[in-house]
Every structure is written in C-alpha cells, then in structure tokens.
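Participant: Questions regarding the structure given below will be posed in turn.
The values are calculated or read from the model by the stated rules, or taken from the named source; none is laboratory data. The shown structure was predicted, so the numbers you read here are calculated from the model rather than taken from an experiment. Here the Cβ positions follow ideal geometry from the backbone for every residue, glycine too, while neighbour counts run over all protein chains shown. For the accessible areas, the whole protein counts, side chains as well, though only heavy atoms, and no ligand, DNA or RNA atoms are used. Shrake-Rupley method; radii C 1.70, N 1.55, O 1.52, S 1.80 Å.
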Amino acid sequence: MAPPTDFRWSVVIPAYNEQDRLPRYITEVVSYFDGRDEPYEILVVDDGSTDDTAARVQEEWAAHPAVEVLSLGNNQGKGAAVRAGMRRATGALRLMADADGATPIGEVKRLEAAVHEGADLAVASRALRDPSVVVRARLHRRLSGHVFIAAARALGVRQVVDTQCGFKLFRGAVADELFGALRTNGFGFDVELVLRAERRGYRIAEVPVNWTDQPGSKVGVFRDGPRMLTEIVAARLRLGREAGKETP
C-alpha cells in the first residue's frame, strides 16, 4: 500500500550536468504550481553530475519547501534517475519532465485532462498532429525519432507513437507499480515503461504537446542511438521471460 500523502503533485526532473538550463526551468515549474495553489513537491534527481547542478539548485531554492535534490552519487542513466525520483515521490499525480524545459510546464494541463477523463498515464507526444500545438525540432532529431518509433513498434509497442518525449504523467499507484518493476537504466527506459503499462492493461493516453528542441541535448543520435536500441531489445526479451514465468 502506498504511504499517505498530502501532495497533489510530484514533479520528477532527472538532471545530468544541467547547471545552465535547469535553474530557469525550475523557476517556471515553481511559478506554475504556486499559481495553482495545490500542494506539490519537485524532486530534482542529480545523476552524478560533474558540474554544479546540485549546488545551483540548492543555492537558489534552499528556502523553498517544495524543491528537493536527490543525489545518486555516480552517473547511472536517465532511467535510473527517473526511477529513483518516482520511488521517492508521494504525490497523487506524478509528472516526469526533462531538465531542458523543451516541453513548457503549462502543457501538463493537457495530460491532466486525459487523466481526469480516465487515463492511468498520459504520454506527451511530438508525433501526433494537432492544429493547437507546434513542434520545433531539428531535422536529425526528426529523422532519428522516426527510426526509433519504427523500432519500438517492431518490438511490440502498440498504443503509443512517441515513446521518448520526456514529459509523462502517472497516477500515483500506477507510478509505484511501473517504476517498481522498471529495469532499464538508460535512455531506452520509456519503451519498457510503455510495454509494461500495456501488458498490465493500463489506460494510456497519448497527448500532442507544444515542444521546442533545446541546445545542449545530452542525447547523441550516433552516440546513444545504438545503445538505446540495445536497451529496448533487452527490455522486450526481459518482459517475455517474465510473462513465461507467470504462465501456469
């Protein structure tokens, strides 16, 4: 059973060497949720940064009760960072958001509406067309995105087109179950999350959002792409083995 909580919202932000981009985005997140007048927490998970990420956050937000820094000590990967934050979080609704602020925090309203309509988790999408949103991405990001979408589809993802947008909203109990089972530590963790959600029969909503590519991305298409593909293949095989063990 999940522990009791007074938080309506938990915002989990994984961060690796984000001393320049993260403070601005935290300012936006704090301003947004202060304006909603609902209890919330912001968990910044410092994934072994070698710059002053943790220090910058602590210096600027030490006096704000909503902001907490969770340090992993050494770099373990984005999946490990988000998992650590989600397992610490206690909010009834739990949002994961990238430190670069590519998805404006106000877009959470779109995901929140989907959850209110019955979804167990809402996944922000840069792939779905909608006249009310604008997606600005460099050509190589668009091309690599299409390749990854095809790979995820081939490995069994059925309900989500854009698995990799780093802006997702979960009901608290759903986050507890999915992140408790998550094993992928790297950038490919989103695919394992979606595969596990589909396998458990959770209601998933994919929601178009405004998104703007930010300079200084930590994901390199040629550096990280092969590793991500390896991770999602491994996750698919792992889920297959788990399903086999559950079969009488």
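Participant: Among the residues of region 163-191 satisfying the criterion of being open to solvent by less than 10 Å² (accessible area, probe 1.4 Å) and charged (D, E, K, R), which is farthest from the chain's Cα centre (by Cα)?
Facilitator: Only one residue fits best here, namely 190.
Participant: Among the residues of region 53-91, count how many are assigned to a helix (DSSP H, G or I) and farther than 25 Å from residue 189 by Cα.
Facilitator: Going residue by residue through region 53-91, those that are assigned to a helix (DSSP H, G or I) are 53-61, 78-88.
Narrowing the set further to residues that are farther than 25 Å from residue 189 by Cα leaves 55-61.
Count: 7.
Participant: Just one of 194, 157 is hydrophobic (A, V, I, L, M, F, W, C) and either touching an Asp or Glu at 6+ places or on another chain (Cβ under 8 Å) or surrounded by fewer than 23 Cβ atoms within 10 Å (Cβ to Cβ) (or both); which is it?
Facilitator: Values: 194 fails: either touching an Asp or Glu at 6+ places or on another chain (Cβ under 8 Å) or surrounded by fewer than 23 Cβ atoms within 10 Å (Cβ to Cβ) (or both).
Checking each option against the conditions leaves just 157.
Participant: If you don't mind, there's one more thing I want to ask. Going through region 131-156 one residue at a time, which ones are outside any helix (DSSP H, G or I) and closer than 20 Å to residue 209 by Cβ? Break it down stepwise before answering.
Facilitator: Restricting attention to region 131-156, the residues satisfying the condition of being outside any helix (DSSP H, G or I) are 131-138, 155-156.
Hits for region 131-156 are 131, 132, 133, 134, 135, 136, 137, 138.
Participant: So which pairs qualify, if the first residue must be in region 220-248 and at pLDDT below 70, the second must be surrounded by 13 or more Cβ atoms within 10 Å (Cβ to Cβ), the Cβ gap must be under 6 Å, and the two must be at least 6 apart or on different chains?
Facilitator: 221/144; 224/187
Participant: Anything in region 42-52 that is assigned to a loop (DSSP other than H, G, I, E, B) and either touching a helix residue (DSSP H, G or I) at 6+ places or on another chain (Cβ under 7 Å) or β-branched (Val, Ile, Thr) (or both)? List them, or say none.
Facilitator: Residues of region 42-52 assigned to a loop (DSSP other than H, G, I, E, B): 47-52.
Passing the criteria: 47, 50.
Participant: Same structure again: May I ask you to verify whether residue 105 is touching a strand residue (DSSP E or B) at 6+ places or on another chain (Cβ under 8 Å), within 16 Å of residue 169 (Cα to Cα), modelled with pLDDT of 95 or more and crowded, with 22+ Cβ neighbours inside 10 Å?
Facilitator: Values: touching a strand residue (DSSP E or B) at 6+ places or on another chain (Cβ under 8 Å): yes; within 16 Å of residue 169 (Cα to Cα): yes; modelled with pLDDT of 95 or more: yes; crowded, with 22+ Cβ neighbours inside 10 Å: no.
Considered against the rule, which asks whether it is touching a strand residue (DSSP E or B) at 6+ places or on another chain (Cβ under 8 Å), within 16 Å of residue 169 (Cα to Cα), modelled with pLDDT of 95 or more and crowded, with 22+ Cβ neighbours inside 10 Å, residue 105 comes out as no.
Participant: Would you check if there is a residue in region 81-92 being over 17 Å from the mean Cα position of the chain (by Cα), touching a residue at least 40 places away in the same chain (Cβ under 8 Å) and surrounded by 15 or more Cβ atoms within 10 Å (Cβ to Cβ)? Don't jump to the end; show me each part of the working.
Facilitator: Taking region 81-92 as the starting set, the residues that turn out to be over 17 Å from the mean Cα position of the chain (by Cα) are none.
There is no residue in region 81-92 that is over 17 Å from the mean Cα position of the chain (by Cα), touching a residue at least 40 places away in the same chain (Cβ under 8 Å) and surrounded by 15 or more Cβ atoms within 10 Å (Cβ to Cβ).
Participant: Of all residues in region 108-130, how many are of a type outside the set (Gly, Ala, Ser) and part of a loop (DSSP other than H, G, I, E, B)?
Facilitator: From region 108-130, those of a type outside the set (Gly, Ala, Ser) are 108-112, 115-117, 120-121, 123, 126, 128-130; that's our starting set.
So of that shortlist, the ones also part of a loop (DSSP other than H, G, I, E, B) come out as 117, 120, 126, 128-130.
Count: 6.
Participant: Go through region 118-142 and report how many residues are in contact (Cβ under 8 Å) with a residue 60 or more places away in the chain, among the hydrophobic types (A, V, I, L, M, F, W, C) and open to solvent by 90 Å² or more (accessible area, probe 1.4 Å).
Facilitator: Summing the residues that are in contact (Cβ under 8 Å) with a residue 60 or more places away in the chain, among the hydrophobic types (A, V, I, L, M, F, W, C) and open to solvent by 90 Å² or more (accessible area, probe 1.4 Å) in region 118-142 gives 0.
Participant: Can you pull out the residues in region 197-206 that are part of a helix (DSSP H, G or I) and open to solvent by 40 Å² or more (accessible area, probe 1.4 Å)?
Facilitator: At the first step, the residues of region 197-206 found to be part of a helix (DSSP H, G or I) are 197-199.
199 - this is the single residue of region 197-206 that is part of a helix (DSSP H, G or I) and open to solvent by 40 Å² or more (accessible area, probe 1.4 Å).
Participant: Another question, if that's okay. Would you mention how many residues in region 175-194 are more than 24 Å from residue 102 (Cβ to Cβ) and in a helix (DSSP H, G or I)?
Facilitator: Within region 175-194, the subset more than 24 Å from residue 102 (Cβ to Cβ) is 176-177, 180-181, 183.
Imposing the further condition that a residue be in a helix (DSSP H, G or I) reduces the set to 176-177, 180-181.
Counting residues in region 175-194 that are more than 24 Å from residue 102 (Cβ to Cβ) and in a helix (DSSP H, G or I) gives 4.
Participant: Would you please list the contacts, defined by Cβ atoms under 7 Å and residues six or more apart or on different chains, that run from a residue in region 6-28 that is within 18 Å of residue 40 (Cα to Cα) and open to solvent by 50 Å² or more (accessible area, probe 1.4 Å) to a residue that is at pLDDT 95 or above and of a type in the set (Val, Ile, Thr)?
Facilitator: Sorted first by the residue in region 6-28, then by its partner, the pairs are 7/90; 28/105.
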